[in-house]
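Structure, as structure tokens:
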Amino acid sequence: MSDGSRPMIALEAISKTYPGQSAPAVRELDLHVPAGAIVMMVGPSGCGKTTTLKMMNRLIEPTSGRILLDGEDVTAVGGDELRRRIGYVIQQVGLFPHFTVADNVAVVPRVLGWDRKRITARVDELLHLVGLEPGQFRDRYPRQLSGGQQQRVGVARGLAADPAVMLMDEPFGAIDPITRDRLQDEFLEIQRQVAKTICFVTHDLTEAVKLGDRIAVFGPGGVVEQYDTPEQVLTHPANDFVAEFVGSGAAVRRLSLLQLNRLELDEVTVDGVGATNGHPTYRADADGRAVAWAHLPGTGAGDLPPLVTVPLTGTVYDAVDVMLEARAPLVAVVDDEDRPKGALRWEALVRELPTKGRP
Amino acid sequence: MGFTEYVSSNFSSLVFYGQQHFLLVLYSVAAATAIALAAGVLLHTSSVSPPSWSRPVRAGSRETLLLVSSAALTIPSLALFGLLQPALGIGIAPSLVALTIYGVYPVLRNTVAGLSSVDPAVLEAARGMGLGPAWRMVRVQLPLAWPVIVSGIRVATLILIGIAVVAASVSGPGLGQPLFTGLARLGAVNSFNQVLSGTLGCLVVAAIYEIAFFAIQRLTTPRGIRV
């Protein structure tokens, strides 16, 4: 992702006061969303995050301030034309129940006057992208789909006219936790392919940390309390509000928010392959699965701890849990096929956990 | 003369009255539907009036309109036909106008109910994709409200089949003709047969409409929302 000098979306001193209310819902807000980034807007209810999102495509007209889309001032252009250039996905999905899946996805391209062949090709491409086999799903109606499938169609519809910007208002909020987790993983995978600029409203901090390149924490009265990377928000809350929002006992809670695949892990190697260079080495079975530690720097051969593993998709919290359970000072972090990708040491936890960019 | 004998000897004139009745109801329902749909759609769109008006026409006027049209329904039918007589004379014109007035309320009521029952999330998604008010009304709201509107038209039709009989009081067309004649000379030869044939004729017309509405409802309900 780039933190390019020109933001894709820029809100400049934007305010919104609803008629009949004295206090503004959003106050003098500045927010720059870099091109190709996922910006997560989190905060408690009623702090103006959805209002801010809806001002980006002018579903809600700002009372004052400017909105720039890719450098162009769009504060006063036609609202409908603007919205056709921006993808929009909402929690309740809002598919047209009397349109087939294909017709739902094709709405904006049709309004934009694409020719039929291009629309059909685009619909199939998008259904593939969101994991719905076109032959099977193209002609279904929304009521024949599960909640998760409906939201996949919702995402495909948002992407239909290939907008540079996607606005998503708690898209996975109404979906059961297991499906939500899968949709989040797929969402990141899709984003790797399409590289859109995405603004994403959520009230779930875990989701924000998992998906976001940056997090904007909204506070009461419609102000942004902190706008930074997930790591910074977790480890260096800008003020008491953010610290409280991240949670008391934050140090422990952070562990469950930090995924292992975002950590710089200690290198591990298979026993007997070249020099150890001071890395831990392990003995592997025929499939490359680790069975036991062979050598740990600074530990005698007789004192080797049991080899315990934790999946790469787990969190630091899981790793700590496994280590405490097995009384082991380190844990092997393994991939889907149980092959070790690295190790996390107990000592590393009390140092600052070294993180890297999104894998 | 027995009833069957009466019907078979007067069959062609009964069919003629039945046809008149059918068409009278058809035209009135069509006019009532047009008026109710236009009023319902206009009042449902939030921006009926230009933004410069200091007091915009708002959703509140929807209730007013419903009230007025439901009040119209409480006017005794015989009285309404009579009241229209000085302005429109006798015959087809006052019959059509009176029946149209009675038909508006059920259709308007269901139009308003149908349009406001459309899932707000669907409309928000439509707005968020940059689809204008006309597109949303024609492609989303009306199709989704349509089954409810059709059942309003159906109710209006059934009500009007009954009321249309009264058209005979201002020399209007329809099955009211034999029925009223029969009633006026009750006790005379064949008078009861006349009344009975007019009444049963209404039932036949109603049955034809019911069959038609069954087909219309099946055929015009969008597939995705058919239950």
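Computed quantities for the displayed model
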| quantity | calculated |
| --- | --- |
| Selection count, region A:298-318, where residues are at pLDDT 80 or above, surrounded by fewer than 20 Cβ atoms within 10 Å (Cβ to Cβ) and farther than 23 Å from residue A:181 by Cβ | 4 |
| Scope region B:188-227; condition of a type in the set (S, T, N, Q), part of a helix (DSSP H, G or I) and either within 14 Å of chain A (Cβ to nearest Cβ) or in contact with an Asp or Glu (Cβ under 8 Å, 6 or more places away or on another chain) (or both); matching residues | B:220 |
| Total residues in region A:39-86, condition within 14 Å of chain B (Cβ to nearest Cβ), touching a residue at least 24 places away in the same chain (Cβ under 8 Å) and over 13 Å from residue A:26 (Cβ atoms) | 9 |
| Subset of region B:129-187 (residues that are under 23 Å from the mean Cα position of the chain (by Cα), more than 14 Å from chain A (Cβ to nearest Cβ) and either of a type in the set (Gly, Ala, Ser) or over 24 Å from residue B:23 (Cα atoms) (or both)) | B:151, B:152, B:156, B:162, B:164, B:167, B:168, B:169, B:171, B:172, B:174, B:176 |
| Criterion violated by residue A:148 - all others in (1) assigned to a helix (DSSP H, G or I); (2) closer than 18 Å to residue A:104 by Cβ; (3) touching a residue at least 60 places away in the same chain (Cβ under 8 Å) satisfied | (3) |
| Counted residues, region B:117-128 - those being more than 7 Å from chain A (Cβ to nearest Cβ) and surrounded by 22 or more Cβ atoms within 10 Å (Cβ to Cβ) | 1 |
| Matching strands (runs of 3 or more DSSP E) fully within region A:272-337 where at least 1 residues are basic (Lys, Arg) and without any contact (Cβ under 8 Å) to a residue 40 or more places away in the chain | A:281-284 |
| Residue in region A:92-104 that is surrounded by the most Cβ atoms within 10 Å (Cβ to Cβ), counting only those that are more than 8 Å from every other protein chain (Cβ to nearest Cβ) and over 12 Å from residue B:126 (Cα atoms) | A:101 |
| Criterion (within 14 Å of chain B (Cβ to nearest Cβ) and crowded, with 19+ Cβ neighbours inside 10 Å) met by exactly one of A:123, A:155, A:130 | A:155 |
| Residue within region B:104-116 that is β-branched (Val, Ile, Thr), without any contact (Cβ under 8 Å) to a residue 40 or more places away in the chain and crowded, with 17+ Cβ neighbours inside 10 Å present | no |
| Filter pass, residue A:116 being more than 10 Å from chain B (Cβ to nearest Cβ) and not aliphatic (A, V, I, L, M) | yes |
| Residue in region A:22-32 that is modelled with pLDDT under 95, within 14 Å of another protein chain (Cβ to nearest Cβ), within 20 Å of residue A:169 (Cβ to Cβ) and surrounded by 21 or more Cβ atoms within 10 Å (Cβ to Cβ) present | no |
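The values are calculated or read from the model by the stated rules, or taken from the named source; none is laboratory data. As the structure is a prediction and not an experimental result, all values here were calculated from the model. A quick note on method: Cβ atoms are made from the backbone with ideal geometry, for glycine too, and the neighbour counts reach across all protein chains shown.
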